[in-house]
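Have a look at the structure below, then the notes.
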Amino acid sequence: MSERRVPVPAPEADRSPDRSLDRRAELSEFLRTRRARLKPEDVGLPHFGRARRVPGLRREELAQLAGVSVAYYTRLEQGNGQNVSAEVLDSVARALRLTAAEHAHLTHLAKPKTHKKPVVRTQQVRGALRQLLDAIDGIPAYIIGRRSDILAWNRMTTAVFGDWSELPAKERNWARMVFFKPEYRELFVDWDQKACDVVAQLRMDVGCRPEDPQLSALVGDLSVRSEEFRQLWARHDVKEKAHGVKHLRHPLVGDLTLSFESFRMPDDAEQVLITYHAEPGSPSADALRLLASWGADATSTGFGTRAASGRQG
């Protein structure tokens, strides 16, 4: 008997592991959603107060701003970007007021790089990088790869975020943890923003690797199991955060305010080192030192126990 399929409102949720994401559909929806967020007055066009049938700019208004014909832009928004020039993409990006990350995403979707085979290989972290993580003492540090997979981490990461070694390799993924594990809703004070950031980064990955079957399977699983993910995914927001601040509520030491920095590996752009640190002399710095002094006890008596108990097989 065949497995019963779960009905899902979002068509993008229906992803089998051997299917890739539809690049043309991604391009079409991305342009449509970026156009919908702009109003005529945002781009200096007159607004006559009449009711508009569609939210945001009309296609002809966007084409006018980009300096292309309506027919040309319409073909592009329908996903036909094979022959579009970089100059036209730049014009469209300026007309849509795209950020640098959004501009890069548009370029990846419209003019994708040719890959001989889908990426399915296991991601490996160099031994020297693992030694570096172990040498970074007193602050959480870890390496993520494609699809927000967590590849390696140090002892302080375990004390702050839980013992990821207790999880199956498939679940060592920020998207799966944020949407499927309730303990992370408690850990991140602004969980909604964390969820938005994770989805926006996955969208960036889709632009770079739409043919990746493992990425397609991940998006499909998240879409089937999480209404919140489906809603965020449908927004087509993209963002690549290089640095920022996270507010955490740790079960042992309470509130933590940590700044994070991202360092992309020069020999493998798909691997990123993430570090967290507290302002010197702050209560958060004292809390990190306390967690460091507890060592393994911080994990066995605190967040790590809760994370393991919430594990899904």
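The values are calculated or read from the model by the stated rules, or taken from the named source; none is laboratory data. Source: prediction; values computed, not measured. Neighbour counts are summed over all protein chains in view; Cβ atoms, including those assigned to glycine, are modelled from backbone coordinates with ideal geometry.
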- Task: For Lys246, state whether it is surrounded by fewer than 21 Cβ atoms within 10 Å (Cβ to Cβ), outside the structural domain of Leu31 (by TED's automatic domain parsing), farther than 22 Å from His277 by Cβ and in contact with a helix residue (DSSP H, G or I) (Cβ under 8 Å, 6 or more places away or on another chain).
- Result: no
- Message: Looking at the structure I just gave you, is Glu102 touching a residue at least 12 places away in the same chain (Cβ under 8 Å), under 21 Å from Val199 (Cα atoms) and part of a helix (DSSP H, G or I)?
- Response: yes
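Could you please let me know if Leu31 is among the hydrophobic types (A, V, I, L, M, F, W, C), assigned to a helix (DSSP H, G or I) and either within 30 Å of Asp90 (Cβ to Cβ) or modelled with pLDDT under 70 (or both)?
yes
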- Top-ranked residue of the range 137-170 - restricted to ones that are over 24 Å from Pro210 (Cβ atoms) and of a type in the set (Asp, Glu), ranked as surrounded by the most Cβ atoms within 10 Å (Cβ to Cβ): Asp163
- Task: Pick out the one residue from Arg176, Arg147, Arg203 that is modelled with pLDDT of 95 or more, assigned to a helix (DSSP H, G or I) and more than 20 Å from His247 (Cβ to Cβ).
- Result: Arg176
